[in-house]
Amino acid sequence: MSKEIKGPNLDRRGFMGASTLGTGAALVGLGAAGCAMAQEASANPAEGAPQVDFPEDPRLFGGSGTNRTEMDLRDCEVEGDWPKDLDGAFYRVGPDPQYPKPEEWEGDIPFDGEGHVSMFRIKDGHVDYKTRYARNARWNAQAEARRSLFGMYRNPGTDDPSVAGLNRGTANTQLFTHHGKLLVFKEDSPPVAMDPLTLETTDPEYTFGGKLQSQTHTAHPKIDPLTGEFISFGYEANGFLSKDVNVFTADKDGNITWSVTVEAPYAGMMHDFCATQDYVVLYLTNMAADADLIAEGGPHFRYNSQLPCYLGVLRRGGDGSDIKWFTGPNLFCTHVMGGWNEGTKITVDMDGGEGNQFPFFPSLHEPWDPVKGTGYLRRFTVDLADGGDSYEAVTIFPEITGVLARQDDRYHTLPYRWGFLQANGGWAIIDHQEGSSRVFSIDGTSLSEMCFVPRTPDAPEGDGYLIGLGSVQTEGGRSDLILLDLANVDAGPRARVKMPYRCVGQVHGWWADASAITAA
């Protein structure tokens, strides 16, 4: 079968791998008529049972290869000087298609694969590897039907009628440990709770004891290092395409202690946010939820360069009535490196471009521009005492281009010194105090997003390691887990775990000390 594919090219590895910006998957075969015909055909016994056959074209959903294998590998091969006192787990999650899409939806974006969680459990110098799918409502329904039941990305109108009204979240973007649970996130749905040691799904739709007042939950909550509070939000909180945003905190035991709902200027992507000691800062990009595109059978979002971007600020613990939406330079920023406030002056560092960074979503007014989509670190500032209605945004460390900004996660809400960025297949290390930057790379290996690991749980900021997966291009893409000692970057990796195969891909990862996972 041949099919004309239009648009830029992005395979699944490019989407979840080490490149700072890929090219986009085309949208093909859109339309409700095609969906109806496929449903009629699948109901015809003469057609036979549905066959699990992923397309060969890498531009189609799942066409660049899938993993799909839940596995356990005890005592991985470890090379180098792995710290014997390092005790914890490195978790990763990414989309890994459970089944191929029907032909009319095979142009779906790669980010719509079901969430496959992996864990490297590290203790006494030994490393064990385990993977499991997040078994939420979507995964379970498809497992029972033994075929794909969900159509285009966040478009319920393209789904099989048998799953109408079912939570269609994929749990494929990020994961955190908090109050004894491994919480796995996709921003259109509540988290999935998993056992942090076995990866067994313990709650396919976790709502904080029924207290979550939102139908959605961000992929990027924060933890207050002073109180242990879980700070989070969900956009489209009160239903599909709603402008409502629910902001809440939960205490160290997972009890929701504060929850307010505010209204955004329009329904659009709010992938990450910033929490400071006194404020919550929301960022609305101009990747707008597009009802017309959805009605045509397309994905949820379309980039609209003519819409303003907004910075929304509200006080933590208040009733939400003080929220103020500021406008400023239109920057497509998706990940927060860090942020803090000094009185009424708020500073937020985010990575982002001047244009659409997600070319697998269509643009309303102009073609995708890879130059405008290039990511730089941007510093946003606003002073609530000024009485103005705009924010300032400047580029910092312009010598570094990259995406997926991170920090020492123990410094959420606080002034911070060290930041990290995935940059051109390597890891950028940024010292805000000294105003310096450098990029660590390994010849022949593309590095995925990293996490910071403290040398000890109470080590000073930045004293520790970077951990992340590398794809060894000279060995067919086989995976290495890389541990870089920040005290001696020039020495190269302190240790690596040499995996015998290419590990399941990731979007984001998370390091958890043994104390956070009730380790045995």
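All of the numbers you see were taken from the coordinates with simple rules; none came from a lab. Because the structure is a prediction, the values reported are computed rather than measured. Here the Cβ is made from the backbone with ideal geometry for all residues, glycine too, and neighbour counts use every protein chain on show.
Observations, loosely collected:
- Label-point gap, in nm, between Glu56 and Ile396 - each point 7 angstrom along Cα→Cβ: 5.1
- Calculated from backbone phi, Karplus (6.51, -1.76, 1.60) coupling profile of the range 357-369 in Hz, x at Gly/Pro: 9, 10, x, 6, 9, x, 10, 7, 10, 8, x, 4, 10
- Burial ordering of Cys274, Cys309, fewest other beta-carbon atoms within 10 Å first: Cys309, Cys274
- Cα→Cβ-extended label distance, 7 Å offset, between Arg410 and Ala137, nm: 4.0
- For the range 371-397 and the range 68-129, distance of Cα centres in Å: 35
- Model label zone, Asp72; criterion: amide N under 19 Å from point 7 Å along Cα-to-beta-carbon; scope the range 190-206: 194-202
- When only alpha carbons are used to place a centre, the range 458-491 and the range 248-269 end up 34 Å from one another.
- Scalar couplings 3J(HN,Hα) for the range 509-516, obtained by applying the Karplus form with A = 6.51, B = -1.76, C = 1.60 to θ = phi - 60°, are x, 8, 9, 10, 5, 3, 5, 8 Hz; x denotes Gly and Pro.
- Spin-label pair Lys324/Glu144, simplified geometry with 7 Å Cα→Cβ offset, distance in nm: 5.1
- Full-extension gain in nm, Lys84 to Ala491, via 0.36 nm per residue minus C-alpha separation: 144.6 nm
- Phi-based couplings in Hz for the range 270-287 (Karplus 6.51, -1.76, 1.60; Gly and Pro marked x): 10, 5, 10, 7, 10, 10, 10, 5, 10, 9, 10, 10, 9, 10, 9, 7, 8, 8
- Added length on full extension, which subtracts the Cα-Cα distance from 0.36 nm per residue, Gln277 to Glu296: 2.5 nm
- At full extension, Gln433 and Lys345 could sit 29.8 nm farther apart than now, given 0.36 nm per residue minus the alpha carbon distance.
- What you get for the chain, charging only the Cβ of Lys and Arg (+1) and of Asp and Glu (-1), is a dipole of about 380 debye around the Cα centre.
- Sequence-distant lysines (8 or more away, or on other chains) whose Cα lies within less than 16 Å of Lys222: Lys181, Lys186, Lys252
- The chain: C-alpha pair distances exceeding 45 Å, %: 8
- Once backbone amide H atoms are built at 1.01 Å from N, Gly464 has Arg455, Leu486, Ala487 as its partners under 5 Å, excluding neighbours fewer than 5 places away on the same chain.
- Entry note, the chain: the mean residue ellipticity at 222 nm calculated from DSSP H runs of n ≥ 4, each adding -39500 (n - 2.57), is -1500 deg cm²/dmol after division by the residues and rounding to the nearest 500.
- Which of Val348, Ser390, Thr445, positive extreme of dipole for the chain (C-beta unit charges): Thr445
- The chain, relative contact order [Cα under 8 Å, separation at least 6], %: 14
- Unit Cα scatterers, Debye sum, the range 204-317: log10 I(q)/I(0) for q = 0.12, 0.16, 0.23 Å⁻¹: -0.44, -0.74, -1.30
- Those residues of the range 351-372 whose amide nitrogen sits under 16 Å from the label point placed on Gln306, 7 Å along Cα→Cβ: 363-367
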